[in-house]
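One structure is given below, encoded as structure tokens.
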Amino acid sequence: MLTDAAFNDIRRMIKRTVVRAQYRVGSTWYDSTLLETVITGDGIVRVKTQIAHGSPCTINRVRLISCSGDVWAEKAINVILENSYTHLLQWFDFTISESEVN
């Protein structure tokens, strides 16, 4: 079974690996601001991104990109940004766990 040190190493690896975020409007991808990546008190790795498109649109996907340029995580959303909205905050939570198979 993994030790606490192993879990902490995996969390820190995720924190180091995710370096940017993108969002999609229609079929076009745009870069968004990666606000922070934190390890919460209960061990969740939370990656926050802030989207500011600049004009009304419907955002249909958000993804995280690794330092090697690979898509690391992706999720479908359906958020309509109107003129009154300046930013959208999205986040990914990664919970690291282990299970034993008998």
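Things to note:
- Against the numbered list (1) more than 14 Å from the chain's Cα centre (by Cα); (2) at pLDDT below 95; (3) surrounded by 15 or more Cβ atoms within 10 Å (Cβ to Cβ), residue 88 comes up short only at (1).
- Qualifying residue in the range 28-39 (condition: in contact with a helix residue (DSSP H, G or I) (Cβ under 7 Å, 6 or more places away or on another chain) and either touching a residue at least 12 places away in the same chain (Cβ under 8 Å) or within 16 Å of residue 91 (Cα to Cα) (or both)): yes
- Every residue from the range 24-51 that is exposed (fewer than 13 other Cβ atoms within 10 Å of the Cβ) and part of a loop (DSSP other than H, G, I, E, B): 26, 27, 40, 41, 42
- Tally of residues being of a type in the set (Lys, Arg) and over 30 Å from residue 82 (Cβ atoms) across the range 1-53: 4
- Tabulated pairs, the range 3-20, first over 12 Å from residue 43 (Cα atoms), second of a type in the set (D, E, K, R) and modelled with pLDDT of 95 or more, C-beta under 9 angstrom, 6+ apart or interchain: 20/31
- Candidate set: the range 52-64, residues that are among the polar types (S, T, N, Q) and part of a strand (DSSP E or B); chosen: the one farthest from residue 75 (Cα to Cα): 58
The values are calculated or read from the model by the stated rules, or taken from the named source; none is laboratory data. All values reported here derive from a predicted model rather than from experimental measurement. Reconstructed Cβ throughout: ideal geometry from the backbone, glycine too, with neighbour counts over all protein chains shown.
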